[in-house]
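The values are calculated or read from the model by the stated rules, or taken from the named source; none is laboratory data. In this text the structure is predicted, and so the values were computed from the model without any measurement. With ideal geometry, Cβ positions are generated from the backbone for all residues, glycine too; neighbour counts draw on all protein chains shown.
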Amino acid sequence: MVRHSSRIELSLSALKNNFRFIREKIGPDAVISSVVKANAFGHGIVPFVAMAERCGIRHFSVASSFEAYEVIQARTRDSRVMIMGILYDTDLEWVIDNDVEFFVYDYRRLEQARDIAKKLGKQAIVHLEVETGGNRTGMSEKEVIPAVRFMKNNEKYIKFEGFCTHYAGIESLANQFRTQRQLQAFNEVYKKVRKAGYLPKYRHTACSAAALAFPETVMDMVRVGTAQFGMWPSPDIYNLHLMNTGKSKDAPLRRVLSWKTDIMHLKDIRKDEFVGYGTSFQAPRDMRIAVIPIGYSNGYPKGLSNKGHVLIRGNKAPVVGLINMNVFMVDVSHIHDVELTDDVLLIGRSGRNSISIRSFSEFTNLINNELVSRLPSAIPRHVKK
Ligand SMILES: *Cc1c(COP(=O)(O)O)cnc(C)c1O
């Protein structure tokens, strides 16, 4: 087998731990929908779906019909799939035929779904998404009651599975006024739905931040992406957790992903020589340099030029020079006995040192989700206990 220039390891015990923690936060009743859009946030949809299923998850959320197809290929149990984002007219028949659930945010879609379901002799499984102030997708309030009536009148072909919305930045306390108003708006529209006499199976509004910090948003289902991977949605949410538990330090979430590569070449250079392209790094002394076979095309951010670190033999080795497309260099002068066969950790723990996903956002303007979701799908993923 031809070898790839890096590898990703996924920890099943970390994932189990994270779902246990999320469950503690949301209580025993709400369904956890594992959000696996963007190749499971770069973790790899095929291994990740199976891992989540081993943790008891039976509901997955994605951003497109293509991703729904990927989950259906990847699942190993009778798990459900829900499309929260783009669903083309031309995919609707496939979606209904495969019992894939989907968000509906305009009335026209209900008529299409009814017609196709009728033709197939099936039920379309619909989550009505209501506009509450995020102004992304979402059905305007005045369309909601006619939509609910339409579903009631076409009960045989449309299943009113969910009633939902999405918060516009609930991970930041700076947005709290706006997101609280969204919750209020949601609850008010829901009252009207109840009056119309037709109820959804699930109400759901919560993403990771909402599920971890705002119990009133949990309802019947939560859609959890970020937190399941062991990443806090924001410092605000972590600090709220500390405040609510009275702890000064706590690490209840564990990172699922580690990323490793190898040393491609070792070389000794003289004081005053430049390293790599251009003149951004000039050796302040005689140095030993390791060449790493990873670059920005492999998902390692260019913003870490002259700033990032990797771990070799448990020691931090600083990036020297620019991150190139497929290569960068690190200083290993201080790491004795460094050898070509040593593992290089890009993300992960080695000895007493660790490189977190969050550390990348301290040096670049990438947020956690942006970094991991850009890890190329071609990198092999290995599941560890
Ligand atoms: C991505 C997404 C989520 C999950 O958000 P996290 O903050 O990663 O938990 C939930 N709902 C919708 C509609 C989303 O697009």
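Computed values, structure above
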read-out: The lone exception for Val71 - which of (1) crowded, with 22+ Cβ neighbours inside 10 Å; (2) in contact (Cβ under 8 Å) with a residue 24 or more places away in the chain; (3) closer than 21 Å to Leu128 by Cα; (4) of a type in the set (A, V, I, L, M) it fails; value: (3)
read-out: Filter result (more than 23 Å from Glu9 (Cα to Cα), surrounded by fewer than 19 Cβ atoms within 10 Å (Cβ to Cβ) and either of a type in the set (A, V, I, L, M, F, W, C) or without any contact (Cβ under 8 Å) to a residue 40 or more places away in the chain (or both)) within the stretch 287-317; value: Asn306
read-out: Strands (runs of 3 or more DSSP E) completely within the stretch 308-376 that count 1 or more residues being within 23 Å of Pro233 (Cβ to Cβ); value: 343-350, 353-355
read-out: Pairs, first among the hydroxyl-bearing types (Ser, Thr, Tyr) in the stretch 193-215, second more than 16 Å from the ligand (Cβ to nearest atom), C-beta under 8 Å, six or more apart; value: Tyr198/Val148; Tyr198/Arg149; Tyr198/Met151; Tyr198/Lys152; Tyr198/Phe160
read-out: Criterion (modelled with pLDDT under 95 and of a type outside the set (Val, Ile, Thr)) met by exactly one of Glu141, Glu70, Glu101, Glu129; value: Glu141
read-out: Selection count where residues are assigned to a strand (DSSP E or B) and either crowded, with 21+ Cβ neighbours inside 10 Å or not hydrophobic (A, V, I, L, M, F, W, C) (or both), scope the stretch 11-42; value: 5
read-out: Only listed residue being of a type in the set (Val, Ile, Thr), buried (at least 19 other Cβ atoms within 10 Å of the Cβ) and within 27 Å of the chain's Cα centre (by Cα), chosen from Ile263, Ile323; value: Ile323
read-out: From Pro233, Pro284, residue being more than 16 Å from the ligand (Cβ to nearest atom) and part of a loop (DSSP other than H, G, I, E, B); value: Pro284
read-out: Residue check, Asn365 crowded, with 17+ Cβ neighbours inside 10 Å and either modelled with pLDDT under 95 or closer than 17 Å to Ser258 by Cα (or both); value: no
read-out: Enumeration of residues in the stretch 244-285 that are within 22 Å of Gly303 (Cβ to Cβ) and among the β-branched types (Val, Ile, Thr); value: Thr261, Val275, Thr279
read-out: Criterion (more than 13 Å from the ligand (Cβ to nearest atom), part of a helix (DSSP H, G or I), under 22 Å from Val130 (Cβ atoms) and out of contact with any Pro (no Cβ under 8 Å at 6 or more places or on another chain)) met by exactly one of Val81, Val95; value: Val95
read-out: Failed condition for Leu199, given (1) within 16 Å of the ligand (Cβ to nearest atom); (2) assigned to a loop (DSSP other than H, G, I, E, B); (3) more than 27 Å from Ile237 (Cα to Cα); value: (1)
read-out: Selected residue [more than 15 Å from the ligand (Cβ to nearest atom), modelled with pLDDT of 95 or more, at positive phi and not assigned by TED's automatic domain parsing to the domain that holds Ile263] from Gly42, Gly56; value: Gly56
read-out: Test: Thr76 is part of a loop (DSSP other than H, G, I, E, B), away from the ligand (no atom under 16 Å from the Cβ), β-branched (Val, Ile, Thr) and assigned by TED's automatic domain parsing to the domain that holds His127; value: yes
read-out: Flag for Ala30 being in the same structural domain as Gly230 (by TED's automatic domain parsing) and in contact (Cβ under 8 Å) with a residue 40 or more places away in the chain; value: yes
read-out: Which numbered condition Tyr88 misses (of (1) under 24 Å from the mean Cα position of the chain (by Cα); (2) buried (at least 16 other Cβ atoms within 10 Å of the Cβ)); value: (2)
read-out: Looking only at the stretch 215-229, and only at residues there that are in a loop (DSSP other than H, G, I, E, B) and in contact with a helix residue (DSSP H, G or I) (Cβ under 7 Å, 6 or more places away or on another chain), the one that is nearest to the ligand (Cβ to nearest atom); value: Gly225
read-out: Unique match (being buried (at least 22 other Cβ atoms within 10 Å of the Cβ), within 22 Å of Glu370 (Cα to Cα) and more than 11 Å from the ligand (Cβ to nearest atom)) among Leu212, Leu253; value: Leu253
read-out: Unique residue being assigned to a loop (DSSP other than H, G, I, E, B) and either touching a residue at least 40 places away in the same chain (Cβ under 8 Å) or over 30 Å from His241 (Cβ atoms) (or both) when the list is Gly133, Gly169, Gly162; value: Gly133
